[in-house]
Ligand code: B12
Ligand code: SF4
């Protein structure tokens with residue numbers, strides 16, 4: 001019985017930006033008695049169905065965006081006589097759908113690290129259960145990835161998770177509902193072991209695939225102190241101390257190592273944290289700006305973000321501390337008006353963002369926005385290819401709308417055109433060249449231009465493409481440019497690199513301030 005793990009995608013580029021971490025984690029969760037699993041990442045190349053034989057197990061991961069392709073693979077694998085098992089965020093939310101449309105024999109809801117061995121055993125005994133409630137396991141039970149199975153020369157960035165879950169509750173995000181609001185933080189020992197293994201292989205760019213790298217803010221600790229809650233204070237400070245411990249150890253890695261993470265802008269109020277990040281080579285972070293107006297922030301339950309001039313200042317603080325920001329903005333919020341687009345473009349420029357993305361509000365399942373929208377759509381008769389809009393992921397990609405909710409002030413067309421306009425402005429050659437000053441040498445500036453253009457093109461398929469011809473053109477361009485880009489990210493293998501030792505004095509430096 002061979003085990004196959006498939007990461008579905010409609011587009012294959014030959015080279016990919018970030019390793020899909022789940023593939024290497026589930027590989028680690030596969031008992032040695034089954035041999036090494038066959039890992040298929042369709043963002044590199046499509047699955048060859050002939051690899052699958054009767055009696056094999058095919059594990060497929062789906063997030064909402066790649067569900068349709070995932071279901072195609074499931075049906076295909078089932079026709080070839082394999083056991084079909086689905087997992088991932090979308091399967092966790094809609095297990096029945098994976099059975100009805102994806103040919104699933106079994107669906108794993110939640111974390112696969114521990115349950116996967118049992119699923120394989122049950123398949124081997126011809127007794128898989130329709131649903132495995134795996135839930136949220138403790139951080140200590142997360143499996144470290146099998147990086148020894150990573151193909152060489154295919155990915156630009158590797159990905160290592162340090163913490164799962166997020167204490168916030170943004171309306172468009174499913175993370176806090178599926179992964180929980182209690183941060184599940186891995187110990188720095190296991191994180192460092194993975195990172196050093198990757199560095200030995202020659203990866204010097206590593207994405208920290210965290211929901212929120214700053215799970216405890218200074219305000220959280222102050223609040224717990226004010227509430228006279230010593231247990232809570234201790235818990236929060238332990239999480240912070242472990243963060244600082246991790247960063248102190250990352251700081252000892254070779255100086256050309258580069259990390260990128262996702263973080264809330266509250267970190268800008270915490271100078272020790274930012275300087276520890278810089279020292280730890282965490283030189284870039286995706287910051288969810290979402291909206292530039294107080295009304296927009298209210299729309300998405302993100303009142304901890306700033307608007308106006310404070311926002312510009314907060315974002316600049318990252319840059320002033322040596323951390324590049326990829327600002328993420330959402331368009332299509334109910335409070336957006338025609339002038340919001342120009343205001344956003346202006347903030348993106350003034351805040352000295354290195355990269356930016358301008359995504360269209362999409363009701364993802366598992367979010368507050370989705371639940372609200374689904375309710376309002378109860379009596380909506382619209383069907384595309386026979387599918388109601390509230391199951392938009394099942395609509396063939398070419399027919400899928402780009403805007404889902406009726407906007408109170410703008411037509412779909414206007415929203416899309418204005419969004420496109422902001423992308424075009426931010427990624428015009430003139431603007432990119434101006435931003436490329438941060439890269440230094442002429443060669444580095446040229447590389448910056450190339451990467452900016454690649455980023456822009458790869459995004460042309462994630463919600464803003466005006467038509468499928470444009471998306472196909474973008475894919476061709478990205479395929480062509482991705483290979484030389486990967487070389488820019490590659491590092492020198494360092495087979496002898498040692499794991500930095502635990503740091504005795506790395507306890508949260510600001511701790512004294514809270515006593
Ligand atoms: C890192 C990350 C990215 C990275 C890297 C993606 C990559 N190549 O890996 C980048 C920045 C590129 C990215 C992009 C996007 N992302 Co993203 N991303 C994440 C993040 C933070 C971590 C993913 C990760 O690596 N986790 C670590 C692995 C080990 O965990 P896991 O994938 O959940 O797998 C575990 C279980 O789910 C289960 N499991 C998973 N698969 C399977 C399969 C089987 C067979 C079994 C048994 C079990 C199993 O077991 C695993 C181990 O416990 C998640 C948030 C999250 N908490 O998951 C969002 C998340 C997956 N992303 C999300 C979104 C929306 C996007 C974008 C669409 C954003 C945008 N607007 O453009 C794009 C889409 C990109 C694309 N086309 O695929 C959403 C998906 C929501 C949904 N319903 O689908 C999430 C959940 C975040 C959110 N805010 O809600 N993302
Ligand atoms: S959008 Fe970011 S800050 Fe908000 S809940 Fe999701 S992970 Fe947390």
Of the residues 258, 287, which single one is within 14 Å of ligand 2 (Cβ to nearest atom), surrounded by 16 or more Cβ atoms within 10 Å (Cβ to Cβ), within 20 Å of the chain's Cα centre (by Cα) and under 25 Å from residue 489 (Cβ atoms)?
287
Residue 2, sole failed condition from (1) more than 10 Å from ligand 1 (Cβ to nearest atom); (2) at pLDDT below 95
(2)
Pick from 172, 142: which is modelled with pLDDT of 95 or more, within 16 Å of ligand 2 (Cβ to nearest atom) and closer than 27 Å to residue 98 by Cα?
172
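Table: residues versus (1) at pLDDT 95 or above; (2) within 16 Å of ligand 2 (Cβ to nearest atom).
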| residue | (1), (2) |
| --- | --- |
| 342 | yes, no |
| 346 | yes, no |
| 352 | yes, no |
| 355 | yes, no |
| 362 | no, yes |
| 368 | yes, yes |
| 376 | no, no |
| 382 | no, no |
| 386 | yes, no |
Quick check on the stretch 21-69: of everything there that is touching a residue at least 60 places away in the same chain (Cβ under 8 Å), part of a helix (DSSP H, G or I) and out of contact with any strand residue (DSSP E or B) (no Cβ under 9 Å at 6 or more places or on another chain), which residue is nearest to residue 195 (Cα to Cα)?
25
Please tell me if residue 338 is closer than 30 Å to residue 259 by Cβ and touching a residue at least 60 places away in the same chain (Cβ under 8 Å).
no
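The values are calculated or read from the model by the stated rules, or taken from the named source; none is laboratory data. What you see is a predicted model; the values in this text were computed from it and never measured. Heads up, the Cβs are rebuilt from the backbone with ideal geometry, glycines too, and the neighbour counts pull from every protein chain shown.
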